[in-house]
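Asker: Pasting in a structure now, in structure tokens, and then I'll have a few things to ask.
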Amino acid sequence: QVQLVESGGGLVQPGGSLRLSCVASGTIFSTNAMGWYRQAPGKQRELVGISRGGDTNYADSVKGRFTISRDAAKNTVYLQMDGLKPEDTAVYYCNAEVRAHWYTPYNAYWGQGTQVTVSS
């Protein structure tokens, strides 16, 4: 079993910063892509950024403000958010491709989400 747990969300003023963490735990042989998505009320879930194969890609709306980093040894991915805007308000979800054993394929898993609210 694999579990992803996000943390670090909260209330922040416009222009402020937050760092989200996502830890994958359970039966893990290796991880591949790890990234972040978000969903605001009444909107579709959208990609924020993803780290895959040594490359990191971001949605246009967050480029230059958000940074994804990873700690492979800890099966952890971070989302550093700077210059936050009210439109960044959403539930942020972690997603990861995890291989439980060397002989099994990668499967995608989702965290439960953490609320980020940007308001004055």
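Asker: Which residue pairs have Cβ atoms under 6 Å apart, sit 6 or more places apart or on different chains, and have a first residue in segment 45-64 that is under 17 Å from Cys22 (Cβ atoms) and a second that is assigned to a loop (DSSP other than H, G, I, E, B)?
Answerer: Leu47/Ala59; Val48/Ala59; Val48/Val62
Asker: Another question, if that's okay. Which count do you get for residues in segment 89-120 that are of a type outside the set (Ser, Thr, Tyr) and touching a Leu at 6+ places or on another chain (Cβ under 9 Å)? Steps first, answer last, please.
Answerer: From segment 89-120, those of a type outside the set (Ser, Thr, Tyr) are 90-91, 94-102, 105, 107-108, 110-113, 115-116, 118; that's our starting set.
Subset that is touching a Leu at 6+ places or on another chain (Cβ under 9 Å): 94-96, 98, 110-112, 115-116, 118.
Result for segment 89-120: 10.
Asker: Within segment 23-66, track down each residue that is farther than 22 Å from Gly8 by Cα and in a strand (DSSP E or B).
Answerer: Ser30, Asn32, Arg52, Asp55
Asker: On to the next question. If you go through segment 26-38, how many residues are within 11 Å of Gly111 (Cα to Cα) and either free of Cβ contacts under 8 Å to residues at least 12 places away in the same chain or open to solvent by 20 Å² or more (accessible area, probe 1.4 Å) (or both)?
Answerer: 1
The values are calculated or read from the model by the stated rules, or taken from the named source; none is laboratory data. Source: prediction; values computed, not measured. Cβ: placed from backbone, ideal geometry, glycine included. Neighbour counts: every protein chain shown. When the accessible area is computed, the model is the full protein with side chains, heavy atoms only, and any ligands, DNA or RNA have been set aside. Shrake-Rupley method; radii C 1.70, N 1.55, O 1.52, S 1.80 Å.
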